Amino acid sequence: MNPASTVLPGHPFLAYRQGALALEDVNLSELADMHGTPLFVYSKAAMLAALAAYQRGFAGRRAHICYAMKANSTLAVLQVFAQAGCGFDIVSGGELQRVLAAGGDPSRTLFSGVGKTPAEMRQALAAGIGCFNVESEPELELLSQVAMGMGLRAPVSIRVNPNIDAGTHPYISTGLKGNKFGIAHERVLQTYQRAAALPGLRVVGIDCHIGSQITQEAPYLDAMDRMLDLVQTIEAAGIPIEHIDFGGGLGIDYNGDQPPAADRLWGRLLERVDARGFGQRKLMIEPGRSLVGNAGVCLTEVLYLKPGEQKNFCIVDAAMNDLPRPAMYQAFHQIVPLQHADAAAAAGLRWEVVGPVCESGDWLGHDRALAIRPGERLAVLSAGAYCMSMASNYNTRNRAAEVLVDGDRHHLIRQRETVLDQIRQERLPDSTPASDAR
Ligand code: LLP
């Protein structure tokens, strides 16, 4: 990097160059001029670098990385991972259609989720899905019937709830007894025995997923021990387990968080796997956030500044419908200007950064020191995961456009939505469709 370039800590592909924020080699203000705001921008190199950390961790192993696409399901993002050899973790028939549309391989795709419908089961079986991660006993029975009706045997893994506290936000913690996910540890063996006896099923694996934005190693190590204990018990009962799927959940640095690097974490986990004699077993993982979260930013423009007695409001054109994580989980996202301000100016007022939606919960950042004027633009960082994929049309706001950056090239990968797109499926009950009016 040249001396006029300052990389943002924790964001190696994001740097101020001569004072202007760039993602890889693309100036973000120019993208905002071209496509308007709010605008999501993703770095292909950042996604591939995050993937490479996992690939290093699994070097020489039989391992499949199945990107948990709920984190960001935009087709061009899926294509990056499909072309890099990833499979996918899906939770709906809609996600399966996206995998196929992006050129992903259904046989390397896992179908997770507690509420699969018979239609989704049929769709996945017809596509040749790699494995169903089954989350309840009734789901096993239904899947067996559906598969038999198609003359098939469905490949299944049972999602175990290992009763481990992942130490994360309660809404994104999934591996505790009180959660709706998976089969309780104590019932796992009998559930496997039932699965092995059902004619429409073929047991292939075991899986777990203990939560999201996990920043410590300990819960992972404990969960691995529990999983390996279970594999031993199930195999001792005569049911072979071809693969162990360890889910996703590794956290990212939003605000000085220090999750273990993926290669380091897997180094530690594989030591356990080897020590227990499972080193040759096929491994699967389902990372989402850690592959895309810090690869994306959301660009937004300052509409109004409203200094007040108690608080100063900075009203921007992105809102909770674009970036739902602060409103939903009190999540922190760094917010930085697209034009670097000098230190003296930055020491000015502190701002509540809020959107135009008519809710007090519509905030993007509290108490942020920013040197800004109306018309200036900001970047909300760590916006690659669980932002666009959770975006809504609340307040009849159009969902944002998206751009993928690759070196000095950039591609518009999603056009900004229009109100016509939003109202297309709606009908007024008392109006005669134009084609019927005579
Ligand atoms: N596998 C399963 C079965 C999952 O339920 C999830 C995420 C993942 C994999 C991927 O987890 P990750 O590696 O992304 O942590 N909207 C929340 C996060 C919800 C996570 C849901 N499940 C947020 O914005 O923090």
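A few points about this structure:
- Between amide H atoms placed 1.01 Å from N, distances below 5 Å from Phe13 occur with no residue 5 or more places distant or on a separate chain.
- Candidate cross-link partners of Lys44 among the lysines, defined by an alpha-carbon separation under 21 Å and a same-chain spacing of 8 or more, comprise Lys70.
- Per residue, the solvent-accessible area of region 254-368 (1.4 Å probe, heavy atoms of protein chains only, all protein chains present) comes to 45 Å².
- Here the simple spin-label model places points 7 Å from the Cα toward Cβ, and for Glu426 and Ala196 these points are separated by 5.6 nm.
- Taking every alpha-carbon pair within region 323-434, the share separated by more than 17 Å comes to 67 percent.
- For Ala20, nonlocal amide neighbours, meaning residues 5 or more places apart or on other chains whose placed amide H falls under 5 Å from its own, are His340.
- At least 24 Å along the helix axis (C-alpha) and Kyte average at least -0.5, DSSP helices within the chain: 218-236
- The alpha-carbon atoms of the chain define a convex hull whose volume equals 179 cubic angstrom per residue.
- 20 Å Cα-Cα reach of Lys306 towards aspartates and glutamates, excluding residues that sit fewer than 8 places from it in its own chain: Asp317, Glu352, Glu359, Asp362, Asp367, Glu376
- Only beta bridges with both residues in the chain are counted; by DSSP, about 50 percent of them are antiparallel.
- Each Lys or Arg adds one and each Asp or Glu takes one away; over the other residues whose Cβ falls under 12 Å from the Cβ of Pro138, this sums to -2.
- For Asn72, the residues 5 or more places off, or on other chains, whose built amide H falls under 5 Å of its own are Tyr386.
- Probing with 1.4 Å while keeping every protein chain in the model, the per residue accessible area of region 96-171 equals 40 Å².
- Cα-derived Rg to Rh of region 46-85, Kirkwood definition: 0.97
- Taking every alpha-carbon pair within region 44-291, the share separated by more than 28 Å comes to 27 percent.
- Solvent-accessible area, 1.4 Å probe, carbon plus sulfur percent, for the chain: 51 percent
- Within-9-Å neighbourhood charge of Ile90 [Cβ basis; K, R +1; D, E -1]: 0
- The 3J(HN,Hα) values that the Karplus relation (6.51, -1.76, 1.60; θ = phi - 60°) gives for region 390-407 are, in residue order, 10, 5, 10, 9, 3, 6, 6, 8, 6, 5, 5, 8, 9, 10, 10, 9, 9, x Hz. Gly and Pro appear as x.
- Spin-label model, Arg62/Leu221: points 7 Å from Cα along the beta carbon direction are separated by 2.8 nm.
- Scattering from region 215-282 was approximated by placing one identical point on each alpha carbon and applying the Debye formula without solvent; log10 I(q)/I(0) at 0.14, 0.15, 0.22 1/Å stands at -0.47, -0.53, -0.96.
- Pairwise label distance in nanometres, Arg17 with Asn395, each label 7 Å out on the Cα-Cβ vector: 3.4 nm
- A cut-off under 13 angstrom between Cβ atoms defines the neighbours of Gly267, and their net charge, with Lys, Arg +1 and Asp, Glu -1, is +1.
- Descending Cα extents along the principal axes, region 50-149, whole Å: 40, 27, 20
The values are calculated or read from the model by the stated rules, or taken from the named source; none is laboratory data. What you see is a predicted model, and the numbers here were worked out from it, not measured in a lab. Virtual Cβ from ideal backbone geometry, glycine too; neighbours counted across all protein chains shown. SASA here: full protein model, heavy atoms, side chains in, ligands and nucleic acids out. Shrake-Rupley method; radii C 1.70, N 1.55, O 1.52, S 1.80 Å.
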